[in-house]
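Notes follow once the structure below has been shown.
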Amino acid sequence: MNTIDPRHRRPQRIAVLAGDGIGRDVTAEAVKVLAAAGERWALPLELVALPWSAEHYLATGETLPPGGIATLRDEYAAVLVGAFGDPRVPDMRHAAEILLGARFGLDLYINFRPCRLYDARLCPLKGKRERDVDFVIFRENTEGAYVGLGGNFKKGMPDEVAVQEEVHTRKGVERIVRAAFDWARAHGRRRLCMADKSNVMRFGHGLWQRVFAAVREEYPEIEASHMFVDALAMQLVRAPERFDVIVTDNLIGDILSDIGAALQGGLGVAASANLHPGRTSLFEPVHGSAPKYAGTGLANPVAAILSVALMLETLGHETAARVVEGAVVQSLRKGRTTPDLGGTLTTSEVGDWLARRVAAAPVS
């Protein structure tokens, strides 16, 4: 008989925001697999679907209800997101207010991107095996170039001036650098690389240099190094086996993590977590909403399902998380995938296959 660990007796409410386009398709399969895991291990999960999306915005004019972010913070253990983006909302206001609103409002300062190759045939690099692509990126998620500071002067005129400002704080830099070192120590990773462009961006990225130099002294067992981002990007596609943990700022992390996604097989297998340890966190695949593919059965749900695995691990359900991840590995290696990865299954058929594997897993 399944029993609930005493630590998890209190229900953990999960807000589900399927979003737009294929977000709805992949989230349905992620929920299916999550439900299978919840039943198999008697997990105290309570899933609550929230309507926030382009459809909701177009119908009501509301992106977020009053106090929406506070509700997520106070009433939910985690947030599962599909994807946002709809051509009927050209400025993507709803996406910005929901996603960026959650990241900033919940202070989700860690964007955690695991870049792991599960099947060598998916890697675009010649001769690379599964063991060669297995690193994580810690991207600072609340500062840098994405804070929205700046403006335009003489907008639309021939002599227009545009100013976009970056913001870096010692607190913000130190906590993401320390989080990366702590994760490396806890997971037995021996190498950590900090990426910046401090040879040109001397003020903001100079702060990263000084903080990194101070924090690395507290972790003598970890081989800490620094690379300029252009050199690091080159090395990622030349010798990804050199890297265990990468920590960097918001913009650089956004770019490098997509290189990582390509190395592991594409955005269809790229999961992410937006974290603040001990607080409500948000989990999402990193692909877009691809509206033209919505409802066609072509959308790959693996990234959303791997995001569920990250969520389960964060909530303390490590066994269930490993089983979900293991089921995904089997689906990739057996070719039980959507056409983008060489398979013949539809979106829902992949979800069904994975849910069955999870439901049949031994309970330990």
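If you check 320, 304, 309, 294 for being crowded, with 23+ Cβ neighbours inside 10 Å, in contact (Cβ under 8 Å) with a residue 40 or more places away in the chain and touching an Asp or Glu at 6+ places or on another chain (Cβ under 7 Å), only one passes: 304.
Listed here are the residues, each with its yes/no results for (1) at pLDDT 95 or above; (2) closer than 26 Å to residue 251 by Cα; (3) surrounded by 19 or more Cβ atoms within 10 Å (Cβ to Cβ).
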residue	(1), (2), (3)
38	yes, no, yes
81	yes, yes, yes
91	no, yes, no
95	no, yes, yes
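Of the candidates 177, 136, 163, the single residue that is in the same structural domain as residue 219 (by TED's automatic domain parsing), farther than 20 Å from residue 113 by Cα, among the hydrophobic types (A, V, I, L, M, F, W, C) and touching a residue at least 12 places away in the same chain (Cβ under 8 Å) is 163. Once segment 252-280 is narrowed to residues that are out of contact with any helix residue (DSSP H, G or I) (no Cβ under 9 Å at 6 or more places or on another chain) and surrounded by fewer than 21 Cβ atoms within 10 Å (Cβ to Cβ), the residue that is nearest to residue 302 (Cα to Cα) is 254. So, of the residues in segment 179-235 that are out of contact with any Leu (no Cβ under 8 Å at 6 or more places or on another chain) and among the β-branched types (Val, Ile, Thr), which turns out to be surrounded by the fewest Cβ atoms within 10 Å (Cβ to Cβ)? For segment 179-235, the residue satisfying everything is 200. Taken over segment 334-347, the residue count meeting the criterion of being in a helix (DSSP H, G or I) and surrounded by 15 or more Cβ atoms within 10 Å (Cβ to Cβ) is 3. One residue alone among 278, 288, 268 is within 14 Å of the chain's Cα centre (by Cα), of a type in the set (Gly, Ala, Ser), closer than 30 Å to residue 12 by Cα and in a loop (DSSP other than H, G, I, E, B), and that residue is 288.
Residue by residue through segment 312-349, note down the ones that are closer than 30 Å to residue 278 by Cβ and hydroxyl-bearing (Ser, Thr, Tyr). Answer for segment 312-349, where residues must be closer than 30 Å to residue 278 by Cβ and hydroxyl-bearing (Ser, Thr, Tyr): 314, 319. Taking residues in segment 72-88 that are in contact (Cβ under 8 Å) with a residue 60 or more places away in the chain and under 21 Å from residue 310 (Cα atoms), and partners anywhere that are in a strand (DSSP E or B) and among the charged types (D, E, K, R), the pairs with Cβ atoms closer than 8 Å and at least 6 places apart or on different chains are 75/13; 76/13; 77/13; 80/284; 81/284; 82/284; 83/284. Just name the residue that is farthest from the chain's Cα centre (by Cα) out of those in segment 237-265 that are small (Gly, Ala, Ser) and in a loop (DSSP other than H, G, I, E, B). Of everything passing the filter in segment 237-265, 239 is farthest from the chain's Cα centre (by Cα). In this structure, residue 357 does not qualify as touching a residue at least 60 places away in the same chain (Cβ under 8 Å), basic (Lys, Arg) and either out of contact with any strand residue (DSSP E or B) (no Cβ under 7 Å at 6 or more places or on another chain) or assigned by TED's automatic domain parsing to the domain that holds residue 26 (or both).
The values are calculated or read from the model by the stated rules, or taken from the named source; none is laboratory data. Remember, predicted model here, so these are calculated numbers, not experimental data. Methodologically, a virtual Cβ is constructed for each residue, glycine included, from the backbone with ideal geometry; neighbour enumeration extends over all protein chains shown.
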